[in-house]
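S.K.: Sharing a structure, written as structure tokens. Questions coming.
Each value in this text was obtained by applying a stated rule to the coordinates, not by laboratory testing. Treat the numbers as computed from the prediction; the structure is a model and nothing was measured. Cβ coordinates were reconstructed from backbone atoms using ideal geometry, including for glycine residues, and neighbour counts include every protein chain displayed.
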Amino acid sequence: MMHKLLLLASFLSLGVYGAFELWHRFVTCAPHIQADLLSPDGARRAVLYNMDCEATTGLDTHIALMPAGGAFKAERHPPVFVLDGSHDVKMSWRDGRTLVVDLPSSPARIQ
């Protein structure tokens, strides 16, 4: 009987820890927008941001593409580009469908 109680307590502890980790990830991570660039045809936006998850991870540089209207939400507009660390990335639209991204001279890993 004691073995079953210990096993149940272990599973409950893991469940509580997992729930806390999920809550912490979604509640404490916040995007810090560095640039928000409208395409020349006005149909799209490119949003350059750093994702800050407080002390749990370092900053990463992200670019998300989204329709022109509405507010940017990181959970609704996943990044199409991620660069490890915080970098001075420049963006410009070549035309309504082509985004040009200028990377730093020695970027970290690109995802």
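S.K.: Find how much the distance from Ala30 to Arg76 grows on full extension, using 0.36 nm per residue of separation minus their present alpha carbon separation; answer in nm with one decimal. Please list the in-between numbers first.
M.R.: On the way: separation 46, 0.36 × 46 = 16.56 nm, distance 1.32 nm.
So the extension gain works out to 15.2 nm.
S.K.: Taking 0.36 nm per residue of sequence separation and subtracting the Cα-Cα distance, how much length would be gained by fully extending the chain between Leu38 and Arg94, in nm to one decimal?
M.R.: Working: separation 56, 0.36 × 56 = 20.16 nm, distance 1.15 nm.
Here the segment from Leu38 to Arg94 would lengthen by 19.0 nm.
S.K.: Can I ask one more? Counting only other residues whose beta carbon sits under 12 Å from that of Gly69, what net charge do I get with K and R as +1, D and E as -1?
M.R.: Numbers: positive: Arg44, Arg45; negative: none.
It works out to a net charge of +2.
S.K.: Additional query: Remind me, what semi-axes does region 31-102 give for its equivalent ellipsoid, largest first in whole Å, using sqrt of 5 times each Cα gyration tensor eigenvalue?
M.R.: Working: eigenvalues 97, 37, 13 Å².
The equivalent ellipsoid of region 31-102 has semi-axes of 22, 14, 8 Å.
S.K.: Between beta-carbons, use under 14 Å as the cut-off and find the net charge around Arg44, counting Lys and Arg +1, Asp and Glu -1. List each step's numbers first, then the result.
M.R.: Working: positive: Arg45, Arg94, Arg97; negative: Asp36, Asp41, Asp95.
Around Arg44, the charge tally is 0.
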